[in-house]
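Single-structure report; data block below.
The values are calculated or read from the model by the stated rules, or taken from the named source; none is laboratory data. All values derive from a computational prediction rather than experimental measurement. Ideal geometry is used to build each Cβ from the backbone, glycine not excepted, and the neighbour counts take in all protein chains shown. For accessibility, only protein heavy atoms count, side chains too; no ligands or nucleic acids. Shrake-Rupley method; radii C 1.70, N 1.55, O 1.52, S 1.80 Å.
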Protein chains: 2
Amino acid sequence: MALLLLLFLANILTISEGTCEPGIVKQIHLLRPRSGAGGNSIPGLSCLSWRLAVETNNMIGWKTVPEECEEYVGHYMLGKQYRKDSRAVAKEAFLYAQSLKLAGDGKDIWIFDIDETTLSNTPYYAQHGFGAQPYNATLFDKWVMEGAAPALPESLWLYKKLLSLGIKVVFLTGRHESQRNTTASNLKNVGYHAWYKLILKRFFLLHFECREPSKYSGKTAVFYKSNEREMLEKKGYRIIGNMGDQWSDLLGTNTGNRTFKLPDPMYYIS
Amino acid sequence: MALLLLLFLANILTISEGTCEPGIVKQIHLLRPRSGAGGNSIPGLSCLSWRLAVETNNMIGWKTVPEECEEYVGHYMLGKQYRKDSRAVAKEAFLYAQSLKLAGDGKDIWIFDIDETTLSNTPYYAQHGFGAQPYNATLFDKWVMEGAAPALPESLWLYKKLLSLGIKVVFLTGRHESQRNTTASNLKNVGYHAWYKLILKRFFLLHFECREPSKYSGKTAVFYKSNEREMLEKKGYRIIGNMGDQWSDLLGTNTGNRTFKLPDPMYYIS
């Protein structure tokens, strides 16, 4: 009964907020567990524990969601709990930002990651096993280039609040420089109208052809993002907050005065 | 029905493992939610989201568990999920340790925190609101000095596995030097028979009387633990793993080759 209610609410939520294609609504139906117990009764594996281990950076370097947890992750991502969890993070981040005494010199910045932080790729992942299928760069790049990713509503809410506090926003993403225009349009179309900087990876990896190797080729996201944050700080900017769905957004150097980890049980980036 | 089953299993688990006093079994009964929905239906607050925010270091500096979440946290701590979550961390830590090619020179060490990492204070917290009541140093110190804390079974399992791999264990705790004998006895009594070092805070704060100020007086756990880990590394030890229930065990400098965060929704230490 509780499960049916959850599915119903997830459905309502999805439709009412208009963030997903009709295909996803269908996907919710397909995700109904084959037995009554959902993802909790898998012998030897608790998908809840797996997700917590992922969110706390205990489980690292994994390539795909365990096959047994595909339905669990799907339910989580399309259901109420993902939204509630995201809302709790956004609210806490706002309370923190609001409590600060800002210098008002335009040097206070907030760093947002993009994928699964400000934009949601759930419509894509819903059709590709919610992370249980191996990552397909070609298909994912195709999705990105459509520029159709919806906003994470809670992050968009936070973004607007931060701007109203006079904080500058910097987007720092692992997306490639070649995806700048599409990414900028996508951000604007869903409500992120202004930013101080949009930092993308400065090498052109498109369809497996590396056109211009850079200092970030083959480096981790931790290295790339630490480096970019360091450059911002050297220019005199103060990173008062840093928000991402991956620990690689939040670890390393120059991590900012406070970090906020959004949930993401679908993939891992080192 | 699922809830009753959970309570039943929690009860069985608690009794069969002999980690708790009779008072706690009674506490399980008292913890039964007043309505049928448990901790999930609190208006404006999802205790699940609160716990995830705590576990991911989004919620920092908090003094007590939100009153509305006392029953939720109690159920979690006494129920199956806490144990499953701990097991997932211990298993992942073992898989990691097992995968290492150790030098065999006796310089590979694993750092364990003590409270809520190797020893469990759940019997104490079960009688003090599971963290929803303000921290009472006098009462907690009294409990510590009883030396009656049970082992966290999953950490004890990992500890034995690590020793069998030839890894040296270091306990690094915020407990005071004055609690050394009791702590050592407690550890031995519950199965932690050997260690390379037991590091306690080198200042004597007993019953609010500071007898010997040290460089750690008034400093955070992050500072204290980073400093102690640095000294170990300067002596040539390699911290291959570092496990704690607080992010202050795992952040800072010299954090080790890999960190493991055990769950703890009952209190926060900076």
Exercise for review: Sort through B:PHE130, B:PHE94 and tell me the only one that's over 13 Å from the mean Cα position of the chain (by Cα), on the phi > 0 side of the Ramachandran plot and among the hydrophobic types (A, V, I, L, M, F, W, C).
Suggested key: B:PHE130
Review point. Looking at (1) within 11 Å of another protein chain (Cβ to nearest Cβ); (2) surrounded by fewer than 20 Cβ atoms within 10 Å (Cβ to Cβ), which is the only condition B:GLU233 fails?
Key: (1)
Revision key, fill the gap. Selection over the range B:93-115 where residues are without any contact (Cβ under 8 Å) to a residue 24 or more places away in the chain and closer than 17 Å to A:TRP62 by Cα yields a count of 2
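One line per residue, one yes/no per condition, for (1) within 18 Å of A:ILE269 (Cβ to Cβ); (2) aliphatic (A, V, I, L, M); (3) not in a helix (DSSP H, G or I):
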| position | (1), (2), (3) |
| --- | --- |
| A:VAL144 | yes, yes, no |
| A:SER155 | yes, no, no |
| A:LYS160 | no, no, no |
| A:LEU198 | no, yes, yes |
**Study point:** Long-range neighbours under 8 Å by Cβ, at least six apart or interchain, first residue without any contact (Cβ under 8 Å) to a residue 40 or more places away in the chain within the range B:61-74, second of a type in the set (A, V, I, L, M, F, W, C) and outside any helix (DSSP H, G or I)
**Key:** B:GLU68/B:ILE42; B:GLU68/B:LEU45
Point to revise | Failed criterion for A:TYR124 (all others in (1) under 14 Å from the mean Cα position of the chain (by Cα); (2) within 14 Å of another protein chain (Cβ to nearest Cβ) hold) | key: (2)
Review point. What are the residues in the range A:67-107 that are of a type in the set (D, E, K, R) and not in a helix (DSSP H, G or I), if any?
Key: A:LYS101, A:ASP105, A:LYS107
Check your understanding: Looking at the range A:32-59, which of the residues that are surrounded by 21 or more Cβ atoms within 10 Å (Cβ to Cβ) and at pLDDT below 95 is farthest from the other protein chains (Cβ to nearest Cβ)?
Key -> A:GLY39
Review point. Can you tell me which residue in the range A:212-225 is modelled with the highest pLDDT, limited to those that are open to solvent by 10 Å² or more (accessible area, probe 1.4 Å) and out of contact with any helix residue (DSSP H, G or I) (no Cβ under 7 Å at 6 or more places or on another chain)?
Key: A:PHE223
Check your understanding: Could you give every pair whose Cβ atoms fall below 6 Å, whose first residue belongs to the range B:134-149 and is without any contact (Cβ under 8 Å) to a residue 24 or more places away in the chain, and whose second residue is open to solvent by less than 30 Å² (accessible area, probe 1.4 Å) and outside any loop (DSSP other than H, G, I, E, B), counting only separations of at least 6 or pairs across chains?
Key -> B:TRP143/B:TYR124
Exercise for review: Please specify each residue of the range A:236-268 satisfying the condition of being under 21 Å from B:THR56 (Cα atoms) and exposed (fewer than 15 other Cβ atoms within 10 Å of the Cβ).
Suggested key: A:THR253, A:ASN257
Check your understanding: If you go through the range A:60-109 one residue at a time, how many are aliphatic (A, V, I, L, M), in contact with an Asp or Glu (Cβ under 8 Å, 6 or more places away or on another chain) and buried (at least 19 other Cβ atoms within 10 Å of the Cβ)?
Key -> 2
Practice item. Check whether at least one residue in the range A:140-151 is under 29 Å from A:GLU67 (Cα atoms) and open to solvent by less than 10 Å² (accessible area, probe 1.4 Å), and report yes or no. Key: yes
**Study point:** Of all residues making up the range A:110-135, the number that are within 18 Å of A:SER178 (Cβ to Cβ) and open to solvent by 10 Å² or more (accessible area, probe 1.4 Å)
**Key:** 1
